[in-house]
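**Student:** The structure that follows is given in the form of structure tokens.
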Ligand code: NAD
């Protein structure tokens, strides 16, 4: 492996100090696997417990801090993220593999999230006063921080997802133990480094890195962690749900998706193809909101497929930092193997191959593959299982009602989109799609940072993330009665 001059040494941040781990690990650049991006410290269960205790000790102090103090700290973190978006985007593109433009956009988004929650720290400090049903009694309803929150994140948005958990946790007065995915430790460390300069009381924010099975599980099992917010796969999420329920810890899960994009006969077809390309293939299809099921009305099916195929042929797959790259590499060897296996399975089960799905060679050795498109039937696995790569299928629908029925026929329920020029159809779809987010004439992926994010069914569990709704998870409601 090549040691780059950009290589980071990422340490744990526990109780206000930078600490070595019990072992070390390496993260590599998926665009050029010879390049080590970071050598990072890996914690074990007992070091994780130290971080949990530090967060517990800091909680009384931070939870009593003024809204102004919290707002100032979050605003400072947001400003630094925004000012350093290019540099952080470069790190993110090197470690996760999304294109530089996408990565810089994600760094900026993380900054905006902290700025938004700086405002929330001030806005959320009130409560509700109500008249009691009993004479002379007054009732107030206030929100209090929950305590120590454990935040466990995936690799695909290594700055934005941690930001949308850490910022509301701190804004609402909680202390934090944050565990990033082991594929993107340098991004987690870079964010922690910025947070470390915000003068939070020692122990208020802690970073522990390491394996999910050891560090993540230790957080989930620890009696010192009052609530767990997790984003990742359904399998891990379900394990966490059961473990947290056993000790009655509050839990919030954001998991997979198999998001439909409906294309109706009256749609603007160029816009529909744009939505499909962006939603299914950008960020290498590694988004929980990716449009992996393109459900197209029979009247425009063939024209849509022909135009989409044409667009796919023109997309440039390459090094994340290379100018002109549309699609960067897959995040690692295991995910690439999984994507290629899904493509082979699609061929075997009789889905019709339209384009791509092959491993590609580039000037540097990386995990490259061409965007894949199949024509499938709803019962095919390619139309049912989340693949989490640049792989999508087109499903033919007889009419709108049939398209809606296919769209809802999935265990997932994160996001659903429709391309149509009919207001009536769009409004019907918004009401009847069994998901947490709907899009009309927009890609299913790509959401705002100041409004709720989340889904239904196997996609999500617990209160929504982001925006004002984040308070549902990061606070506990207290009702007070006073006889005056
Ligand atoms: P993953 O479940 O493998 O890992 C997610 C995190 O959980 C990592 O930090 C990992 O170390 C940790 N972990 C693993 N085992 C654990 C355990 N037993 N206890 C506690 N923590 C554990 O997921 P991933 O591969 O990093 O991410 C891809 C998945 O994330 C996809 O399924 C995707 O749909 C989902 N995702 C969902 C959203 C959303 O908001 N709905 C957003 C992004 C990604």
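Taken together, the values in this text are just the output of simple stated rules run on the coordinates, not laboratory data. Please read all numbers here as calculations on a predicted model, not as lab measurements. No Cβ is skipped: glycine too gets one built from the backbone with ideal geometry, and neighbour counts run over all protein chains shown.
**Student:** How many residues are surrounded by fewer than 24 Cβ atoms within 10 Å (Cβ to Cβ) and in a helix (DSSP H, G or I) when one looks only at region 284-300?
**Tutor:** Total satisfying the criteria: 3.
**Student:** With respect to residue 225, determine if the residue is more than 17 Å from the chain's Cα centre (by Cα) and more than 30 Å from residue 203 (Cβ to Cβ). Lay out the reasoning, then the answer.
**Tutor:** Numbers: more than 17 Å from the chain's Cα centre (by Cα): yes; more than 30 Å from residue 203 (Cβ to Cβ): no.
The answer is no for residue 225.
**Student:** I need the full set of residues from region 446-457 which are more than 10 Å from the ligand (Cβ to nearest atom) and either in contact (Cβ under 8 Å) with a residue 24 or more places away in the chain or in contact with a helix residue (DSSP H, G or I) (Cβ under 9 Å, 6 or more places away or on another chain) (or both), in order please. Walk me through it before giving the result.
**Tutor:** Here is the first cut: in region 446-457, the ones more than 10 Å from the ligand (Cβ to nearest atom) are 446, 448-452, 456-457.
Selection gives 446, 449, 450, 452, 456, 457.
**Student:** Can you tell me which condition residue 405 does not meet? The list is (1) under 18 Å from residue 280 (Cα atoms); (2) free of Cβ contacts under 8 Å to residues at least 12 places away in the same chain, and all the others hold.
**Tutor:** Unmet for residue 405, out of (1) under 18 Å from residue 280 (Cα atoms); (2) free of Cβ contacts under 8 Å to residues at least 12 places away in the same chain: (1).
Matching residues to (1) surrounded by fewer than 24 Cβ atoms within 10 Å (Cβ to Cβ); (2) free of Cβ contacts under 8 Å to residues at least 12 places away in the same chain:
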site: 386; (1), (2): yes, no
site: 391; (1), (2): no, no
site: 424; (1), (2): yes, yes
site: 431; (1), (2): yes, yes
site: 434; (1), (2): yes, no
site: 460; (1), (2): no, no
site: 465; (1), (2): yes, no
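**Student:** I'm trying to understand the selection: among the residues of region 66-85, which are more than 22 Å from the chain's Cα centre (by Cα), within 20 Å of residue 144 (Cα to Cα) and not in a loop (DSSP other than H, G, I, E, B)?
**Tutor:** Hits for region 66-85 are 67, 68, 69, 70, 71, 72, 73.
**Student:** List, please: which pairs have Cβ atoms under 8 Å, are six or more places apart or on different chains, and start with a residue in region 227-254 that is free of Cβ contacts under 8 Å to residues at least 12 places away in the same chain and end with one that is more than 8 Å from the ligand (Cβ to nearest atom) and in a strand (DSSP E or B)?
**Tutor:** 245/251
**Student:** Please find, among 155, 189, the residue that is within 16 Å of the ligand (Cβ to nearest atom), within 26 Å of residue 463 (Cα to Cα) and within 23 Å of the chain's Cα centre (by Cα). Break it down into steps so the answer makes sense when it comes.
**Tutor:** Working: 189 fails: within 26 Å of residue 463 (Cα to Cα).
Only one candidate qualifies: 155.
**Student:** Quick one: what pairs do we get from region 214-226, first residue under 20 Å from residue 182 (Cα atoms) and touching a residue at least 24 places away in the same chain (Cβ under 8 Å), second assigned to a helix (DSSP H, G or I) and within 11 Å of the ligand (Cβ to nearest atom), C-beta under 7 Å, 6+ apart or different chains?
**Tutor:** Final answer for the pair search is 215/48; 218/48; 219/48; 220/240; 220/243; 220/244; 221/243.
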